[in-house]
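Participant: Before we start, here is the structure in question, set down as C-alpha coordinates.
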(Lines give C-alpha, C1' and ligand atoms only; values in the text may rest on other atoms or scores of the structure.)
Protein backbone atom coordinates (compact mmCIF):
# COMPACT_ATOMS: atom_id res chain seq x y z
CA UNK A 1 0.00 0.00 0.00
CA UNK A 2 1.27 3.45 -0.85
CA UNK A 3 1.98 5.96 1.91
CA UNK A 4 -0.84 8.26 3.01
CA UNK A 5 -1.20 11.68 1.38
CA UNK A 6 0.74 14.40 3.18
CA UNK A 7 -2.38 16.03 4.59
CA UNK A 8 -3.18 12.85 6.58
CA UNK A 9 0.31 11.95 7.83
CA UNK A 10 0.35 14.18 10.91
CA UNK A 11 -3.10 13.14 12.13
CA UNK A 12 -2.99 10.86 15.17
CA UNK A 13 -5.91 11.63 17.46
CA UNK A 14 -9.65 11.54 17.08
CA UNK A 15 -9.81 15.34 17.44
CA UNK A 16 -7.28 15.79 14.59
CA UNK A 17 -9.18 13.40 12.32
CA UNK A 18 -12.50 15.05 13.24
CA UNK A 19 -11.01 18.48 12.42
CA UNK A 20 -9.71 17.22 9.06
CA UNK A 21 -13.14 15.75 8.22
CA UNK A 22 -14.74 19.07 9.20
CA UNK A 23 -12.37 20.88 6.80
CA UNK A 24 -13.27 18.45 4.01
CA UNK A 25 -16.98 18.92 4.67
CA UNK A 26 -16.53 22.70 4.55
CA UNK A 27 -14.79 22.34 1.20
CA UNK A 28 -17.64 20.14 -0.03
CA UNK A 29 -20.16 22.81 0.98
CA UNK A 30 -18.15 25.52 -0.77
CA UNK A 31 -17.76 23.37 -3.86
CA UNK A 32 -21.49 22.65 -3.93
CA UNK A 33 -22.24 26.38 -3.86
CA UNK A 34 -20.06 27.12 -6.90
CA UNK A 35 -21.59 27.82 -10.27
CA UNK A 36 -21.18 26.40 -12.89
CA UNK A 37 -21.00 22.78 -11.79
CA UNK A 38 -17.38 22.14 -10.71
CA UNK A 39 -16.85 18.59 -12.00
CA UNK A 40 -13.07 18.46 -11.55
CA UNK A 41 -13.33 19.78 -7.99
CA UNK A 42 -15.97 17.18 -7.16
CA UNK A 43 -13.71 14.37 -8.31
CA UNK A 44 -10.74 15.73 -6.40
CA UNK A 45 -12.74 16.13 -3.19
CA UNK A 46 -14.25 12.67 -3.71
CA UNK A 47 -10.70 11.28 -3.78
CA UNK A 48 -9.81 13.17 -0.59
CA UNK A 49 -12.86 11.76 1.24
CA UNK A 50 -11.82 8.28 0.10
CA UNK A 51 -8.24 8.89 1.29
CA UNK A 52 -9.65 10.07 4.63
CA UNK A 53 -11.46 6.77 5.01
CA UNK A 54 -8.50 4.68 3.87
CA UNK A 55 -5.94 6.39 6.09
CA UNK A 56 -7.92 7.07 9.25
CA UNK A 57 -6.53 4.60 11.84
CA UNK A 58 -9.10 2.08 13.10
CA UNK A 59 -7.45 2.01 16.51
CA UNK A 60 -8.58 5.59 17.20
CA UNK A 61 -11.85 5.45 19.10
CA UNK A 62 -14.79 6.87 17.15
CA UNK A 63 -12.99 6.96 13.78
CA UNK A 64 -15.52 4.50 12.34
CA UNK A 65 -18.25 7.12 12.81
CA UNK A 66 -16.04 9.71 11.11
CA UNK A 67 -15.46 7.29 8.22
CA UNK A 68 -19.22 6.83 7.92
CA UNK A 69 -19.76 10.59 7.82
CA UNK A 70 -17.00 10.91 5.20
CA UNK A 71 -18.61 8.14 3.11
CA UNK A 72 -22.05 9.76 3.32
CA UNK A 73 -20.63 13.17 2.39
CA UNK A 74 -18.68 11.63 -0.51
CA UNK A 75 -21.79 9.92 -1.87
CA UNK A 76 -23.93 13.04 -1.41
CA UNK A 77 -21.32 15.10 -3.25
CA UNK A 78 -21.29 12.65 -6.15
CA UNK A 79 -25.09 12.36 -6.20
CA UNK A 80 -25.39 16.14 -6.31
CA UNK A 81 -22.87 16.42 -9.16
CA UNK A 82 -24.60 13.65 -11.13
CA UNK A 83 -27.98 15.28 -10.47
CA UNK A 84 -26.67 18.60 -11.76
CA UNK A 85 -25.44 16.96 -14.98
CA UNK A 86 -28.75 15.13 -15.46
CA UNK A 87 -30.66 18.40 -14.99
CA UNK A 88 -28.35 20.11 -17.51
CA UNK A 89 -28.87 17.31 -20.03
CA UNK A 90 -32.63 17.29 -19.52
CA UNK A 91 -32.74 21.07 -19.91
CA UNK A 92 -30.65 20.90 -23.08
CA UNK A 93 -32.98 18.27 -24.54
CA UNK A 94 -36.00 20.38 -23.64
CA UNK A 95 -34.49 23.42 -25.32
CA UNK A 96 -33.67 21.34 -28.41
CA UNK A 97 -37.23 19.99 -28.68
CA UNK A 98 -38.70 23.46 -28.19
CA UNK A 99 -36.46 24.91 -30.89
CA UNK A 100 -37.39 22.09 -33.24
CA UNK A 101 -41.07 22.84 -32.71
CA UNK A 102 -40.48 26.56 -33.33
CA UNK A 103 -38.54 25.82 -36.53
CA UNK A 104 -41.37 23.61 -37.79
CA UNK A 105 -43.92 26.35 -37.04
CA UNK A 106 -41.86 28.97 -38.86
CA UNK A 107 -41.27 26.67 -41.83
CA UNK A 108 -45.02 26.11 -42.16
CA UNK A 109 -45.61 29.89 -42.04
CA UNK A 110 -42.96 30.37 -44.73
CA UNK A 111 -44.55 27.66 -46.91
CA UNK A 112 -47.95 29.33 -46.58
CA UNK A 113 -46.50 32.75 -47.40
CA UNK A 114 -44.68 31.40 -50.45
CA UNK A 115 -47.80 29.59 -51.64
CA UNK A 116 -49.83 32.76 -51.23
CA UNK A 117 -47.28 34.75 -53.20
CA UNK A 118 -47.33 32.23 -56.03
CA UNK A 119 -51.13 32.27 -56.15
CA UNK A 120 -51.16 36.09 -56.29
CA UNK A 121 -48.92 36.04 -59.35
CA UNK A 122 -50.96 33.36 -61.03
CA UNK A 123 -54.16 35.25 -60.25
CA UNK A 124 -52.63 38.36 -61.82
CA UNK A 125 -52.18 36.45 -65.09
CA UNK A 126 -55.86 35.54 -65.41
CA UNK A 127 -56.97 38.88 -66.92
CA UNK A 128 -54.26 38.57 -69.57
CA UNK A 129 -55.32 35.00 -70.31
CA UNK A 130 -58.91 36.19 -70.63
CA UNK A 131 -57.80 38.95 -73.03
CA UNK A 132 -55.98 36.39 -75.18
CA UNK A 133 -59.01 34.10 -75.22
CA UNK A 134 -61.32 36.97 -76.15
CA UNK A 135 -58.97 38.04 -78.94
CA UNK A 136 -58.86 34.47 -80.26
CA UNK A 137 -62.66 34.27 -80.20
CA UNK A 138 -62.89 37.61 -82.00
CA UNK A 139 -60.39 36.32 -84.55
CA UNK A 140 -62.59 33.29 -85.15
CA UNK A 141 -65.61 35.50 -85.71
CA UNK A 142 -63.71 37.79 -88.08
CA UNK A 143 -62.38 34.85 -90.00
CA UNK A 144 -65.92 33.57 -90.37
CA UNK A 145 -67.34 36.88 -91.72
CA UNK A 146 -64.86 39.72 -92.19
CA UNK A 147 -62.62 41.33 -94.76
CA UNK A 148 -58.85 41.12 -94.91
CA UNK A 149 -58.46 44.48 -93.16
CA UNK A 150 -60.62 43.39 -90.23
CA UNK A 151 -58.81 40.05 -90.14
CA UNK A 152 -55.38 41.72 -89.94
CA UNK A 153 -56.46 43.99 -87.07
CA UNK A 154 -57.95 41.11 -85.11
CA UNK A 155 -54.91 38.91 -85.65
CA UNK A 156 -52.68 41.74 -84.43
CA UNK A 157 -54.86 42.17 -81.32
CA UNK A 158 -54.74 38.43 -80.65
CA UNK A 159 -50.96 38.34 -81.06
CA UNK A 160 -50.57 41.29 -78.68
CA UNK A 161 -52.70 39.50 -76.09
CA UNK A 162 -50.72 36.30 -76.44
CA UNK A 163 -47.44 38.18 -76.18
CA UNK A 164 -48.61 39.89 -72.95
CA UNK A 165 -49.61 36.48 -71.61
CA UNK A 166 -46.18 35.04 -72.47
CA UNK A 167 -44.39 37.94 -70.76
CA UNK A 168 -46.48 37.58 -67.63
CA UNK A 169 -45.82 33.85 -67.45
CA UNK A 170 -42.08 34.48 -67.98
CA UNK A 171 -42.12 36.97 -65.10
CA UNK A 172 -43.75 34.38 -62.88
CA UNK A 173 -41.25 31.73 -63.87
CA UNK A 174 -38.30 34.05 -63.17
CA UNK A 175 -39.58 35.09 -59.73
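Participant: Kindly evaluate residue 146 against the criterion of being in contact with a helix residue (DSSP H, G or I) (Cβ under 9 Å, 6 or more places away or on another chain), surrounded by 12 or more Cβ atoms within 10 Å (Cβ to Cβ) and modelled with pLDDT of 70 or more.
Facilitator: Values: in contact with a helix residue (DSSP H, G or I) (Cβ under 9 Å, 6 or more places away or on another chain): yes; surrounded by 12 or more Cβ atoms within 10 Å (Cβ to Cβ): yes; modelled with pLDDT of 70 or more: no.
Taking the combined requirement at face value, the residue does not satisfy it.
Matching residues to (1) touching a residue at least 40 places away in the same chain (Cβ under 8 Å); (2) closer than 22 Å to residue 3 by Cβ:
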| position | (1), (2) |
| --- | --- |
| 20 | no, yes |
| 26 | no, no |
| 30 | no, no |
| 47 | no, yes |
| 74 | no, yes |
| 81 | yes, no |
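Participant: Determine whether residue 68 is over 40 Å from the mean Cα position of the chain (by Cα), under 30 Å from residue 31 (Cα atoms) and in the same structural domain as residue 26 (by TED's automatic domain parsing).
Facilitator: Here the answer is yes, as residue 68 does meet what is asked.
Participant: Restricting to region 1-18, name every residue that is part of a loop (DSSP other than H, G, I, E, B) and surrounded by 13 or more Cβ atoms within 10 Å (Cβ to Cβ).
Facilitator: First, the residues of region 1-18 that are part of a loop (DSSP other than H, G, I, E, B): 1-13.
Residues satisfying the conditions are 4, 5, 7, 8, 11.
Participant: Look at residue 81 and say whether it is in a helix (DSSP H, G or I) and farther than 30 Å from residue 40 by Cα. Spell out how you get there, then give the answer.
Facilitator: Values: in a helix (DSSP H, G or I): yes; farther than 30 Å from residue 40 by Cα: no.
So residue 81 does not fit the description; no.
Participant: Let me ask something else about it. Going by the structure shown, is residue 66 buried (at least 16 other Cβ atoms within 10 Å of the Cβ), on the phi < 0 side of the Ramachandran plot and at pLDDT 90 or above?
Facilitator: On the way: buried (at least 16 other Cβ atoms within 10 Å of the Cβ): yes; on the phi < 0 side of the Ramachandran plot: yes; at pLDDT 90 or above: yes.
Against the criterion (buried (at least 16 other Cβ atoms within 10 Å of the Cβ), on the phi < 0 side of the Ramachandran plot and at pLDDT 90 or above), residue 66 qualifies.
Participant: While we're here: Looking at 121, 101, can you tell me which residue is under 43 Å from the mean Cα position of the chain (by Cα) and loosely packed, with under 11 Cβ neighbours inside 10 Å?
Facilitator: 101
The values are calculated or read from the model by the stated rules, or taken from the named source; none is laboratory data. Computed from a predicted model, the values in this text were never measured in an experiment. Reconstructed Cβ throughout: ideal geometry from the backbone, glycine too, with neighbour counts over all protein chains shown.
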